[in-house]
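Single-structure report; data block below.
The values are calculated or read from the model by the stated rules, or taken from the named source; none is laboratory data. Everything quoted here is computed from the prediction, not taken from an experiment. Cβ coordinates were reconstructed from backbone atoms using ideal geometry, including for glycine residues, and neighbour counts include every protein chain displayed. Keep in mind that these areas ignore ligands, DNA and RNA; they rest on the heavy atoms of the full protein, side chains included. Shrake-Rupley method; radii C 1.70, N 1.55, O 1.52, S 1.80 Å.
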Amino acid sequence: MIKFAPSLLSADFKKLEEEIKCVDGAGAQYLHLDIMDGHFVPNISYGPAVVKDIRPVSGMVFDVHLMISEPEKYIEEFVKAGADIITVHVETVKDKRGILQMIRDFGVKSSISVKPKTPVSEIEDVLDLCDMVLVMTVEPGFGGQSLMEDCLPKITELAKIRQEKGYSYEIEIDGGVKLSNLDKVLDAGAEVIVAGSACFDRKDTRAAADAFIKAFAKFS
Ligand code: DX5
Ligand code: ZN
């Protein structure tokens, strides 16, 4: 089953609760929460205090994407704030196995991400410890960029490794996904679909989310 993970980064922050209820009502399973520190990526978003405040608004799976340096220092805080899945970037971690195990030890799902230029080989040795793998299809930092199609083969590669090794991680795609390129994304094998600007479009969030959910149904 294809899962939808709207990225709150593009939402209208003066009406966050309403925005979240729109995507929840449409049937989105995950809420994708982009945490940026102005160091690992050249942008600053929001932190655990916001995650904590919005936690009671919805029962959706809180899918926390940490685009921060030294993520190991902040795992516990995001767990306490209500994260269900925590993704760290392989480019930021010194001890890959250690941090994935730490996330699991806190009772939440573990995930690792690769930037567009980072090959799957950089994470192959820790895929046994991953509940999800996030493939970036834009340079992390900003919503509204164009999907880099040359990253899509990484999704197919991850699906192949999973089958060969008997692993069970979900494969998430993040960056530039729109209704117009959804067929390519799903053909590649992506299972958790992040969409920021294409979902929180500042016109009609509910209609945009409904359109994604309808498109998934057509595919499966
Ligand atoms: C980018 C973030 C994305 C972003 C996606 O660094 O990780 O989650 O919000 O936004 P769109 O879908 O507009 O590319
Ligand atoms: Zn993200």
Problem - Top-ranked residue in the range 173-182 [being without any contact (Cβ under 8 Å) to a residue 40 or more places away in the chain and aliphatic (A, V, I, L, M); ranked as surrounded by the fewest Cβ atoms within 10 Å (Cβ to Cβ)] - result: LEU179
Exercise for the section: Please go through the range 85-106 and pick out each residue that is away from ligand 1 (no atom under 16 Å from the Cβ) and not β-branched (Val, Ile, Thr). Expected result: LYS94, ASP95, LYS96, ARG97, GLY98, LEU100, GLN101, MET102, ARG104, ASP105, PHE106
Fill in the blank from the handout: All conditions in (1) touching a residue at least 12 places away in the same chain (Cβ under 8 Å); (2) within 16 Å of ALA5 (Cα to Cα) are true of LEU158 except (2)
Fill in the blank from the handout: Conditions (1) closer than 18 Å to VAL135 by Cβ; (2) of a type outside the set (Asp, Glu); (3) outside any helix (DSSP H, G or I) -> LEU100 fails only (3)
Practice task
Go through the range 103-119 and give me each residue that's hydrophobic (A, V, I, L, M, F, W, C) and surrounded by fewer than 19 Cβ atoms within 10 Å (Cβ to Cβ).
Solution key: PHE106
Practice task
Might you let me know whether the range 98-112 holds any residue that is of a type in the set (Phe, Trp, Tyr) and more than 16 Å from ligand 2 (Cβ to nearest atom)?
Solution key: yes
Practice task
Identify, by number, the condition in (1) more than 16 Å from the chain's Cα centre (by Cα); (2) surrounded by 19 or more Cβ atoms within 10 Å (Cβ to Cβ); (3) assigned to a loop (DSSP other than H, G, I, E, B) that PRO140 doesn't meet.
Solution key: (1)
Practice task
For the range 186-196, enumerate the residues that are within 12 Å of ligand 2 (Cβ to nearest atom) and part of a loop (DSSP other than H, G, I, E, B).
Solution key: GLY196
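Yes/no matrix, rows are residues, columns are (1) open to solvent by 20 Å² or more (accessible area, probe 1.4 Å); (2) over 20 Å from GLU19 (Cβ atoms):
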position: LYS160; (1), (2): yes, yes
position: ILE171; (1), (2): no, yes
position: LYS184; (1), (2): yes, yes
position: SER197; (1), (2): yes, no
position: ALA208; (1), (2): no, no
Problem - Search result, residues across the range 29-52 that are surrounded by fewer than 21 Cβ atoms within 10 Å (Cβ to Cβ) and in a strand (DSSP E or B) - result: ASP37, ILE44
Problem - For SER168: the one exception among (1) part of a loop (DSSP other than H, G, I, E, B); (2) within 16 Å of ligand 1 (Cβ to nearest atom); (3) of a type in the set (S, T, N, Q) - result: (2)
